[in-house]
Each structure stands twice: as structure tokens, then as C-alpha cells.
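Written below as C-alpha cells is the structure these notes are about.
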Amino acid sequence: MLRTRPLLFDAFPDLEAGTPWMPLAHVPTAVESCDAIAPWLGRSGVFMKRDDLVSPLYGGNKVRRWEFVLADARRRGARRIVTIGGLASTQAMATTLFGKSLGFDVTVVLFEQPVTTFARESLRALVHAGAELEYAGGYAATAWKAWRAKRRAGADGYFIMPGASGALANLGFIDASLELAQQVERGEAPRPDVIVVPTGSAGTLAALALGCAHLGWSTEIIGVRITTALATNRAMVKAVLRNTDKALAARARGWRPQRGNVRYGLYGAALGKGYGYPTEAAIEGAEQVRALTGAVGEVTYSGKALAALREIARTRPRATILLWNTLSTARPPAPPDAPVPASLRWAFEGDVRV
């Protein structure tokens with residue numbers, strides 16, 4: 001059901017007046033057992049938060065964030081959203097689908113990653129949905145082209161950083177922790193000892209950690225790194241925690257600083273060679289996504305999260321574990337004849353491994 005206001009505004013009423021928000025998420029999303037893959041995991045007592053179904057338009061972890069971010073863009077009078085992503089970026093997809101549905105133009109500057117079937121499908125879907133794609137290649141060129149795209153848009157432009165892990169966007173997952181707490185109170189879900197979530201820019205990880213600390217839970221949030229330790233590390237997570245915690249403490253009476261109480265960890269063993277690179281474990285994990293949700297998995301986020309989940313379940317046999325599913329089950333149309341820009345046609349040449 002499309003909600004009319006976030007739980008966060010009920011918990012902290014003074015936060016509402018100065019915080020942009022619009023309804024996009026159909027919540028609460030269910031908590032279900034992972035019994036369908038229990039033999040593969042080697043145990044029961046593992047559950048999944050179905051944020052893959054958080055919107056019939058497109059699911060995943062950006063929807064709760066975009067309720068705040070796109071509302072901010074609208075409040076500022078923006079007409080064009082500019083963002084960055086890899087070839088298979090779910091942020092690019094969520095920005096395009098929700099942005100276009102709200103009347104924004106969308107520019108996506110893409111950086112290189114290993115080409116997969118999922119990446120090709122994503123590129124076709126982005127074009128079909130109306131995104132203006134610019135391929136940059138490396139990270140430095142991507143940052144430069146994104147800056148130019150934002151500059152061209154002028155006062156009409158609104159830039160969303162990769163991951164969108166600023167304090168405003170992170171409110172979406174502090175709100176999600178309140179949603180989970182209500183489900184636990186109603187007996188719809190057990191209180192998790194561990195929450196497993198893929199992490200890049202660490203916003204979801206940090207927000208869930210702060211939310212669980214606010215609830216007084218001892219739950220540990222484990223972020224499965226999908227990129228190198230140079231990009232995702234404890235110093236970066238601490239910075240995101242600090243910024244989000246300070247922003248809430250300044251704006252919401254009743255929010256006590258929580259970053260000293262958080263419990264989190266980073267799991268890097270599933271990464272392989274780097275962002276987007278398939279590993280045997282990730283390919284196997286992606287296959288388990290289909291068993292869980294009926295949707296085709298991918299190897300950048302969900303496949304590596306499932307691979308990590310299996311190992312975490314093995315090494316913590318008595319823990320109640322919750323996988324926070326961040327891959328959309330809904331898939332936008334990706335017609336084979338979508339007019340992909342010439343700068344990206346190389347991505348459709350030759351065979352791909354997965």
C-alpha cells in the first residue's frame with residue numbers, strides 16, 4: 001500500500017516541517033523465511049526483507065531514499081536529474097523510472113564495468129525509459145562529464161551522487177528500521193541478530209545501524225562490500241554514520257546521538273576482482289535469487305550478497321539472520337531494438353559469461 005507519511009514523522013514530529021518527502025514506497029514490505037534455499041544455506045532461521053517489492057514500478061533500496069531525494073529536487077524547482085552509475089546501475093534505473101514518472105528529465109553518466117546480460121538489459125531499459133545516457137569510461141572522466149551535465153542544466157539541474165548516501169536520503173532507511181520494529185512487535189518477524197545487506201556507498205548500512213541502535217537492539221549490520229576497500233571502508237562508514245547522526249540530532253528532538261552505539265561490520269570475501277566482476281560464488285548466489293523471489297539475480301550486488309549470506313549463516317549457526325533484499329523483482333521493458341547510443345554499442349559485441 002502506498003503510504004501517506006513515513007513512520008519517522010510520527011516518531012519525530014518536528015522533523016516533518018523542514019524535511020521534503022513524497023510517497024513512492026508501498027510499505028511495509030514483508031519479512032519472509034528463506035526456507036526455499038535452506039538446503040543451499042545449510043540451515044534454517046534465515047529471513048528476507050522483501051524490499052525487492054517496495055514498488056510495483058521498480059523495487060530495491062533506492063525507493064525509500066528517493067521519497068526524500070526527489071521531493072527535495074522538486075522543492076528546489078529542478079527539472080533535470082543528473083546522476084552517475086555503472087553499466088548495470090540500479091540507481092540509474094530507479095532514478096530514470098521514478099524521475100520520469102514525476103516529470104523530470106534524467107541524464108545518466110555511465111562508467112565502465114564488466115559487461116553481463118543484466119548490464120545489457122539495463123542499458124536497453126534505460127534508453128526505453130527515456131534516460132539520456134552519456135558514457136564516460138573511467139571514474140575521473142565520469143566525474144568530469146557529470147559536472148558538465150549538471151553545469152549545462154544550470155539552475156534546473158539536481159545532482160544525485162553515486163549511492164545517494166547523504167543524511168537526507170539515509171532517512172529512508174532509518175524509517176525502514178522503524179517499520180521492521182513494528183513487524184517484530186506484531187509477531188510478523190523475529191528480531192534479527194544480524195542484518196546482511198550489500199554495500200557500496202554505505203548509506204543503507206549506516207542508516208540501518210543507526211536505526212537499530214535507536215531501537216535499543218543489539219543487531220549487527222553486515223555490509224557485503226561490492227567494491228574495493230579503497231572505496232568502501234570503516235573510515236567511510238564512520239563518516240556516513242557521523243553525518244547522518246548529527247543531522248538527525250540537530251533537526252529531530254528526541255533523537256539521541258547513536259553513532260557510539262552502532263554495531264556493524266564489512267564483509268569483503270565475496271568481492272572477487274572488483275566492482276561488477278562475476279565470481280563463481282556470485283553466479284551461484286544469483287541463481288538462488290530466482291529460487292527466493294522468482295526474479296533473475298545479478299552478480300554485482302545480489303549474487304555477492306547471497307554468497308556472503310551463505311558463509312555468514314555457516315559461521316553463525318545460532319544467529320537469526322535477515323537478508324535485506326535490494327534487487328528489484330519488477331523489471332522494466334528492455335526491447336532488443338532500443339536505440340542505445342553509439343558510444344555504448346561496444347557493450348553489445350561478443351558473448352558474455354553471465
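Every number in this text was worked out from the coordinates using simple rules, so none of it is lab data. Quick caveat: nothing in here was measured; it's all calculated off a predicted structure. In this analysis, Cβ positions are derived from the backbone assuming ideal geometry, glycine residues included, and neighbour counts consider all displayed protein chains.
Can you give me the relative contact order of the range 198-354 as a percent, contacts being Cα pairs under 8 Å and 6 or more apart? Don't skip to the answer; put the middle values down first.
Values: 204 pairs, mean separation 32.2, N = 157.
Reported as a whole number, the value is 21 percent.
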Per-residue Cβ contact counts at 10 Å, fewest first, order Val354, Val69, Val27 as Val354, Val27, Val69
With just the Cα atoms defining each centre, how far is the range 185-217 from the range 1-56? Give it in Å. 11 Å
What is the Cα radius of gyration of the chain over 2.2 N^0.38 Å, N being its residue count? 0.94
Near Lys62, which lysines are there with a Cα under 18 Å away, not counting those fewer than 8 places off in the same chain? Lys49, Lys100
For the range 243-311, what does the alpha-carbon gyration tensor say about shape, rounded, prolate or oblate, given a ≥ b ≥ c as the root eigenvalues, a/c under 1.5 as rounded, and a/b over b/c as prolate? prolate
Per the C-alpha gyration tensor (a ≥ b ≥ c, the square roots of its eigenvalues), the range 63-163 is rounded if a/c is under 1.5, else prolate if a/b beats b/c, else oblate; here it's oblate
Can you name the helices of the chain, as whole DSSP H runs, whose Cα span along the helix axis is 15 Å or more and whose Kyte-Doolittle mean is not below -0.5? 90-101, 117-129, 167-185, 203-215, 234-251, 280-293, 302-315
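Please arrange Asp10, Asp337, Asp175 by how many other C-beta atoms lie within 10 Å of their C-beta, fewest to most.
Values: Asp10 12, Asp337 7, Asp175 24.
Least to most surrounded, the residues fall as Asp337, Asp10, Asp175.
Using a 10 angstrom Cβ neighbour count of at most 11 plus a DSSP loop assignment to flag exposed trypsin sites (Lys or Arg not before Pro), which longest range of the chain is free of such sites?
Details: sites that count: Arg186, Arg253, Lys273, Arg318, Arg353.
Longest gap between qualifying sites, sites excluded: 1-185.
Please get the size of the charge dipole for the chain, origin at its Cα centre, with Cβ charges of +1 on Lys and Arg and -1 on Asp and Glu, quoted in debye to the nearest 20.
It comes to approximately 960 debye.
If we sort 125-134, 327-336, 11-20 on the protection proxy, mean other Cβ atoms within 10 Å, highest first, what's the order?
Details: 125-134: 19.6, 327-336: 16.2, 11-20: 14.1.
With the highest mean Cβ count within 10 Å placed first, the list reads 125-134, 327-336, 11-20.
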I need the calculated FRET efficiency for the pair Met22 and Glu349, taking r as the beta carbon distance and R₀ as 41 Å, to the nearest 0.05. 0.50
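Using alpha-carbon pairs under 8 Å, 6+ residues apart, how would you state the relative contact order of the chain in percent?
Working: 722 pairs, mean separation 78.5, N = 354.
Taking the mean separation of contacting Cα pairs over the length of the chain, I get 22 percent.
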